[in-house]
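To keep things clear, I will list the structure first and then write my remarks on it.
The values are calculated or read from the model by the stated rules, or taken from the named source; none is laboratory data. Note that this is a predicted model, so its numbers are computed, not measured. Neighbour counts are summed over all protein chains in view; Cβ atoms, including those assigned to glycine, are modelled from backbone coordinates with ideal geometry. Note: accessible area is taken over every heavy atom of the protein model, side chains too, but ligands, DNA and RNA are not part of it. Shrake-Rupley method; radii C 1.70, N 1.55, O 1.52, S 1.80 Å.
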Amino acid sequence: MSVSRRKFLGWMGAAGMGAAAGRSALAAGNKHFEGHPGSFGVLHDVTRCVGCRSCEAACNEVNGLQAPDRPFTDLNVLAEKRRTTVKAYTVVNKYDVPGKASPLFAKTQCNHCLEPACASACFVRAFQKTGTGAVTYDHSVCVGCRYCLIACPFDIPTYEYNEALTPRVMKCTLCYPRISKGQLPGCVEACPMEALTFGKREDLIKIARERMREYPGRYVDHIYGETEMGGTSWMYISSVPFSQVGMREDLGVTPAPQLTSGALAAVPIVAGLWPVLLMGIYAISKRKETIFQQELDSIREAAQSQRKEDV
Amino acid sequence: METIFFTYQDFYTHTKGVSYVLIVAALVGMAFFWSFLSGKDD
Amino acid sequence: MPAIAAEDAKRFFTLFNIVSATIIIVGIVITILRFTKGLGAVTHLSDDNPWGLWIGFDLLVGVALAAGGYVTSAAVYLFGMKKYHSAVRPAVLTGFLGYALVVLALNYDVGRPWRLPYPFIMQQGTTSVLFEVGACVALYLTVLFLEFVPAPLEWLGLKRVRQLVVKLTLALTVLGVLLSTLHQSSLGALFLLAPSKLHPLWYSPYLPVFFFVSSIVAGLSMVIFESTLSHRYFGHKMDATHLSEKESVTLGFGKAASLVLAGYFIIKIMGLAAGNNWHFLGTAYGYWFLLEVAGFIALPSFLYAVGVRNKDLALIKWTAAWTVIGIILNRLTVSLIAFNWQLPSPRRYFPHLMEIAISIFIVTLGIVVFRFIVTRMPILYEHPAYKDAK
C-alpha cells in the first residue's frame with residue numbers, strides 16, 4: 001500500500017507529539033476549557049467508507065478480542081444495524097439513504113469525547129482523558145456499577161455480563177499503547193480507502209474544512225463531533241445529514257460534566273446550612289416547650305395559692 | 001500560581017474533592033460550635 | 001416428648017413460614033448461579049440496558065420507602081412532636097432494614113461487589129453523583145444502625161452502652177436528615193447525566209427535588225402502612241402508649257402527606273412548564289405521566305385530606321398503600337419505563353424471572369428479620385426498665 005498524502009499527514013501529526021502546543025489565550029484562569037493541547041483524534045470521511053470491515057478485523061486483532069460470531073469477510077452482517085459488543089470495539093453499518101444510488105457506510109466506535117460522560121460518571125475514576133486524546137479505562141479499579149453505560153450518549157461501552165468474577169467494561173482505546181509509541185490506531189492503518197485520518201484534533205478540523213472547500217456540494221457543512229457533547233476527538237464528515245447515517249443530532253453541545261455539576265454544587269451548601277436550619281428548628285421547638293411548661297407551672301402555682309387563700 | 005486544568009472533568013475532580021473534605025470539617029466543626037453555643041444552658 | 005414436639009412443629013410450619021422458606025431457598029440457589037455464571041445468566045441486563053430491576057426497584061424504590069426513618073425522627077426530635085414518639089422505633093427499624101437490604105441488593109448487581117469500598121479507599125470519582133450517593137448511603141446506614149441499636153441493647157440488658165448511644169440521638173437525627181436530603185435527591189440526579197435517554201416528561205433539572213420531596217411522601221405513607229400491618233400481625237406486642245398514639249400518628253402523618261403531595265403536584269407541573277413539554281402529554285408516555293400525576297399524586301393528596309377532615313382512618317390507610325404504589329411506579333418509570341424510551345422494542349428491557357425472584361427474596365428477608373426483631377425487642381413497646389426511653 002503506497003503512502004497517501006493523508007496518511008502521511010497523520011504520521012506527521014503523531015511524530016510531532018512533542019512539539020510545543022499553542023495554548024489559547026483563554027486557557028489561563030480555569031474558566032474556559034479547550035482540552036489537552038496537541039491531543040490527537042481521527043477524522044472519518046463517511047463518503048469514502050465502502051463497508052469492507054477491514055477496520056473491524058484489524059481492531060479485533062490488535063486488541064486481542066474474542067473471535068466474532070461471523071467472520072469479518074462476511075458482508076451480509078451489514079443487512080442489520082449493529083452496535084458495539086464485548087467482542088467488537090467498533091462496527092461498520094450500512095445505510096440506505098433516499099436519493100442516493102448506492103448505500104452509505106459509517107464506522108462507529110468510542111468518540112473519545114473531550115469531556116467524556118463515562119469519566120464524569122465513574123465513581124472510582126476508572127476512565128481518564130489522556131493528553132493523547134484517548135479515553136482510557138482502568139479495569140483494575142472498576143467496581144462494575146455500569147453507570148458509564150448509562151452515561152454514554154453514543155451507546156458505546158459494553159459489559160462482560162457473562163464473566164462471573166472478572167467482568168470488564170469494553171470499549172475502543174484509540175489504540176492508546178500504539179499511539180503513545182507514534183504508531184497509528186489499528187483501524188486507521190487498515191483502512192484501504194483512507195476514510196480514516198489520524199492527526200492532531202485541531203489539524204483534522206482544518207483538513208475537514210479544506211476538503212469541504214475542495215469539493216463544494218459534496219459534504220454537509222458540519223463536522224460532527226466538533227461541538228457535540230462539548231466536542232469529541234473522533235469526528236465525522238458526511239454527504240448526507242448525520243441522522244441518516246446513524247448519528248444522533250439531538251445531543252446538544254453541553255459537555256457531560258456540566259449536566260450534573262449543578263446538582264453536585266448544591267451538596268456542600270446543603271451540608272453547610274442544613275445543620276443550622278435543623279438545630280434552629282430544634283431550638284425553637286424546645287423554647288416553645290419550655291415556655292409552655294413555665295406557663296403550666298405558673299397556672300398551677302396560682303391555682304394552689306388560690307386554694308390556700310380559700311382555706 | 002494555580003494549576004491549569006485542560007478539561008472541566010479535571011477541574012471538577014479537583015474542586016469537588018476539596019469540597020468533600022471541607023464538608024466533613026464543617027460538620028465536625030458545627031458539632032463543637034453547637035456545643036459551645038448551648039454551653040451554659042441548664 | 002412427642003406431644004410438645006408436635007405443638008412446636010405446628011407453630012413453626014405456618015403458611016407464612018413455608019412460603020418464605022421456599023422463597024429463601026430459591027433465592028440462595030439463584031445467588032449461587034449469579035456468582036458462578038455471571039449476571040448474564042440470571043438477568044436480562046444488556047449493553048443497552050445496564051440497569052434493571054435490581055437498581056430500579058431494590059435500590060431506587062428501596063431507598064425511597066425507607067425514608068420513614070428520617071422523617072419520623074425529625075418530626076419527634078427536631079420539631080418536638082412528642083405524640084408521635086411511639087412511631088419512631090418502628091420507622092427507624094424499617095429504615096435500617098430497608099437500607100441494609102439496598103446494600104445487599106447492590107452486592108448482587110455490581111460486577112465486582114468486593115470492590116464496593118474502592119471509591120473510598122482507592123480512587124475518588126468526585127465528579128460522579130454515584131460517589132456522593134455511595135458516601136451518603138454508607139454514612140446513613142451507620143446513622144440508622146446507631147439509632148436502632150438502643151433497642152437490641154435494652155433487650156440484652158447493656159444499660160451503660162445504651163445510655164451512651166442515646167446521648168447521640170439529636171446529632172444522629174440532624175445527620176440523618178442531612179444525609180437523607182443529599183442521597184434521596186442524588187438518586188434523582190443520577191439521571192441528569194442521560195438527557196438523551198430519559199423521556200422529556202421525566203427528565204428535568206428538578207429531578208433531584210422531585211426525588212427528595214417524593215421521599216418525604218414515601219416515608220410518611222410507609223409509616224402509616226407499616227403501622228397498619230404491624231397492628232394486624234403484631235398487635236399483641238404493642239403497649240398502651242403505642243396503641244393509643246396510633247390514631248394520632250395516622251391522622252397527623254396523613255395530614256402531612258396530603259400537604260407534601262400537594263406541593264409535589266405543584267412542582268411537577270412547574271417542571272412541565274420549565275421544559276415546555278406540554279405537547280408530549282398527548283402521547284402514550286404522556287398518558288402514563290398524567291396517570292402518575294393525577295392518579296398517584298393529586299388523587300392521594302385529596303383522599304388524605306378527606307380522610308383527615310372526616311377522621312376516616314380506613315381511608316387514610318388505603319390512601320397510604322395507594323401512595324406507596326405511586327412511588328414504586330415513579331421510580332420504575334424513571335429508571336426502566338421512560339428510560340431508553342427511544343430504543344426499538346427488541347432492544348428494550350424486561351426483567352428476567354430470576355431477577356424478580358431475587359427481588360422478592362430480598363423483600364422476604366426483610367420481612368422475616370423485621371418479624372424476628374419486633375417480636376423480641378422493644379420496638380412496639382417500651383422496655384419496662386427504660387420507661388424514660390428516648
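Of the residues making up the range B:1-31, those that are farther than 15 Å from A:Ala265 by Cα and either of a type in the set (Gly, Ala, Ser) or open to solvent by 40 Å² or more (accessible area, probe 1.4 Å) (or both) number 14.
Selection of the range C:85-108 for residues being of a type in the set (Ser, Thr, Tyr) and within 13 Å of chain A (Cβ to nearest Cβ) yields only C:Tyr108. Could you tell me whether any residue of the range C:39-52 is part of a helix (DSSP H, G or I), crowded, with 20+ Cβ neighbours inside 10 Å and more than 13 Å from chain A (Cβ to nearest Cβ)? There is no residue in the range C:39-52 that is part of a helix (DSSP H, G or I), crowded, with 20+ Cβ neighbours inside 10 Å and more than 13 Å from chain A (Cβ to nearest Cβ).
Assess whether C:Gly111 counts as being crowded, with 21+ Cβ neighbours inside 10 Å, touching a residue at least 24 places away in the same chain (Cβ under 8 Å) and away from chain A (no Cβ under 14 Å). The answer is no for C:Gly111.
Those helices (runs of 4 or more DSSP H) of the range C:126-171 in which at least 1 residues are of a type in the set (Phe, Trp, Tyr), touching a residue at least 24 places away in the same chain (Cβ under 8 Å) and within 14 Å of chain A (Cβ to nearest Cβ), considering only elements entirely within it, cover C:129-148.
Residue by residue, here is whether (1) exposed (fewer than 13 other Cβ atoms within 10 Å of the Cβ); (2) out of contact with any Lys or Arg (no Cβ under 7 Å at 6 or more places or on another chain); (3) farther than 26 Å from C:Thr228 by Cα; (4) in contact (Cβ under 8 Å) with a residue 24 or more places away in the chain holds:
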residue: C:Lys10; (1), (2), (3), (4): yes, yes, yes, no
residue: C:Leu15; (1), (2), (3), (4): yes, yes, no, no
residue: C:Ile25; (1), (2), (3), (4): yes, yes, yes, no
residue: C:Leu33; (1), (2), (3), (4): no, yes, yes, yes
residue: C:Leu59; (1), (2), (3), (4): no, yes, no, yes
residue: C:Tyr84; (1), (2), (3), (4): no, yes, no, yes
residue: C:Val88; (1), (2), (3), (4): no, yes, no, no
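Of A:Ala57, A:Ala67, all but one fail to be at pLDDT 90 or above, among the hydrophobic types (A, V, I, L, M, F, W, C) and either assigned to a loop (DSSP other than H, G, I, E, B) or more than 23 Å from A:Glu189 (Cα to Cα) (or both); the exception is A:Ala67. Residues that are under 20 Å from the mean Cα position of the chain (by Cα) and not in a helix (DSSP H, G or I) within the range C:62-94 comprise C:Ala66, C:Ala67, listed in sequence order. Taking the numbered list (1) over 22 Å from C:Pro50 (Cα atoms); (2) open to solvent by 50 Å² or more (accessible area, probe 1.4 Å) in turn, A:Tyr137 passes all entries but (1).
Residues are listed down the side, and each one gets a yes or a no for (1) in a helix (DSSP H, G or I); (2) under 18 Å from A:Pro255 (Cβ atoms); (3) in contact (Cβ under 8 Å) with a residue 60 or more places away in the chain:
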| position | (1), (2), (3) |
| --- | --- |
| B:Thr3 | no, no, no |
| B:Phe11 | yes, yes, no |
| B:Val18 | yes, no, no |
| B:Val21 | yes, no, no |
| B:Val28 | yes, no, no |
| B:Ala31 | yes, no, no |
| B:Phe36 | yes, no, no |
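Would you be able to tell me the number of residues in the range A:116-126 that are open to solvent by less than 10 Å² (accessible area, probe 1.4 Å) and either within 10 Å of the chain's Cα centre (by Cα) or more than 9 Å from every other protein chain (Cβ to nearest Cβ) (or both)? Here the count works out to 5.
Reported count of residues in the range C:193-219, each being open to solvent by less than 10 Å² (accessible area, probe 1.4 Å) and of a type in the set (A, V, I, L, M, F, W, C), is 8. Scanning the range A:229-254 for residues that are touching a residue at least 40 places away in the same chain (Cβ under 8 Å), part of a loop (DSSP other than H, G, I, E, B) and away from chain C (no Cβ under 11 Å) returns A:Gly231, A:Ser233, A:Ser238, A:Ser239, A:Val240, A:Gly246, A:Met247. Taking (1) farther than 25 Å from A:Glu34 by Cα; (2) touching a Phe, Trp or Tyr at 6+ places or on another chain (Cβ under 9 Å); (3) in a helix (DSSP H, G or I) in turn, A:Leu264 satisfies each apart from (1). Based on this model, can you work out whether A:Ala106 counts as in contact (Cβ under 8 Å) with a residue 12 or more places away in the chain and either in contact with a Leu (Cβ under 7 Å, 6 or more places away or on another chain) or open to solvent by 50 Å² or more (accessible area, probe 1.4 Å) (or both)? In short, no. Among the residues of the range A:195-218, the one identified as touching a Lys or Arg at 6+ places or on another chain (Cβ under 7 Å) and not in a strand (DSSP E or B) is A:Ala195.
Between C:Val209, C:Val177, the distinction of being within 11 Å of chain A (Cβ to nearest Cβ), farther than 25 Å from A:Pro153 by Cβ and β-branched (Val, Ile, Thr) belongs to C:Val177 only. Search the range C:219-241 for residues that are over 13 Å from C:Ser86 (Cα atoms) and pair each with any residue that is open to solvent by 50 Å² or more (accessible area, probe 1.4 Å) and part of a helix (DSSP H, G or I) when their beta-carbon atoms are under 7 Å apart and the residues are at least 6 apart or on different chains. Within 7 Å, the pairs are C:Thr228/C:Lys317. When A:Cys55 is tested against (1) over 25 Å from the mean Cα position of the chain (by Cα); (2) crowded, with 16+ Cβ neighbours inside 10 Å, only condition (1) is not met.
Residue-wise test of (1) aromatic (Phe, Trp, Tyr); (2) open to solvent by 10 Å² or more (accessible area, probe 1.4 Å).
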{"residue": "C:Gly307", "(1), (2)": "no, no"}
{"residue": "C:Asn310", "(1), (2)": "no, yes"}
{"residue": "C:Trp318", "(1), (2)": "yes, yes"}
{"residue": "C:Gly326", "(1), (2)": "no, no"}
{"residue": "C:Leu332", "(1), (2)": "no, yes"}
{"residue": "C:Ala338", "(1), (2)": "no, no"}
{"residue": "C:Trp341", "(1), (2)": "yes, yes"}
{"residue": "C:Pro344", "(1), (2)": "no, yes"}
{"residue": "C:Ile360", "(1), (2)": "no, yes"}
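Output the number of the condition that B:Gly29 fails; it satisfies all remaining conditions of (1) modelled with pLDDT of 95 or more; (2) more than 10 Å from chain C (Cβ to nearest Cβ); (3) more than 21 Å from C:Leu178 (Cα to Cα). The one condition B:Gly29 does not meet is (3).
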